[in-house]
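Contents: one structure, followed by commentary.
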Amino acid sequence: WSVAIVTASVDGTGPAGSPTDQLLLWHAQFSRFKIDSELAMLNRDPREQCPVTATMACFVATAIDSASLTGGLVDPTLLDRIEDAGYKSDHLRASLALPLALALAPPRAPAGPDPAGRWRQISVDLDASVVTRPPGVHLDGGGIVKGLFADMVGDRLSEHDAYIVDCEGDLRVGGTAGVVRSFPVVGPFDGSVLHELAVADGGVATT
């Protein structure tokens, strides 16, 4: 994830201040492309039990919950496969046009969880900020960490009349005034609006 495309829009006043500095710190802490980030160091750590910061422990707990709630469809332990597929840096080649991408892709099929289910081997002690996992199980933040931080910034802005936080496509909206915001779901083929989500207090994942 990249703080370069994180935005926050706020109406009214509240004891929050700018979240920019905190987002920059989180980026340095959770980017898997930075060799000295806490996430990269956790993935390299040969110990089974690893002391971590409270924020990292919160991320790991959120990742486990995401995997459990989706039956393993959202799996934070697939970093090795992601890198094997070519996603090893934050400099990606240009996207293909959708018709060409579909033509080159294998036949589409319903998604299924990784049979290994390695996320089940991970646990976290939030009170002690200790992550337990077999060495060699590498974690990827992906959309999970973006959604988590959208929520955390939203908590800081919760006393404003209204706010919206966009962490590279993962959104959090809320505020004391209960302002309802509309999010159109646009079809990828013809740009038509397939559905509209009306949200006053909640999250929307668009990644």
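Quick note: the coordinates plus some simple rules give every number you see, no bench work behind them. Computed from a prediction, not measured in an experiment: that's the story for all the values here. Quick reminder, even Gly has a Cβ in these numbers, built from the backbone with ideal geometry, and neighbours come from all protein chains shown.
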Handout entry: Whole-angstrom gap from segment 59-83 to segment 124-155, using each part's C-alpha centre
Key = 10
Exercise for the section: Considering the convex hull of the alpha carbon atoms of the chain, report its projected area averaged over all viewing directions, in nm², one decimal. Expected result: 13.3
Fill in the blank from the handout: Candidates Arg181, Arg133, Arg93; GNM for the chain (alpha-carbon contacts under 10 Å) flags as most fluctuating Arg93
Problem - For segment 110-115, Karplus couplings with θ = phi - 60° (6.51, -1.76, 1.60), whole Hz, Gly/Pro x - result: x, 5, x, x, 5, x
Exercise for the section: With springs only between Cα atoms under 10 Å apart, run a GNM on the chain and tell me which of Pro134, Pro106, Pro46 wobbles the most. Expected result: Pro106
Handout entry: Binned Cα-Cα distance frequencies in segment 87-200 - 5 Å width, integer %
Key = 2, 8, 9, 12, 15, 17, 15, 12, 7, 2, 0
Handout entry: Theoretical ellipticity at 222 nm over the chain - DSSP helices of four or more residues, -39500 (n - 2.57) apiece, nearest 500
Key = -9000 deg cm²/dmol
Handout entry: Rough spin-label spacing in nm, given labels placed 7 Å along Cα→Cβ, for Ala198 and Asp65
Key = 2.8
Problem - Peptide ranges 189-200, 23-34 listed from the most packed, as the mean C-beta count within 10 angstrom indicates - result: 23-34, 189-200
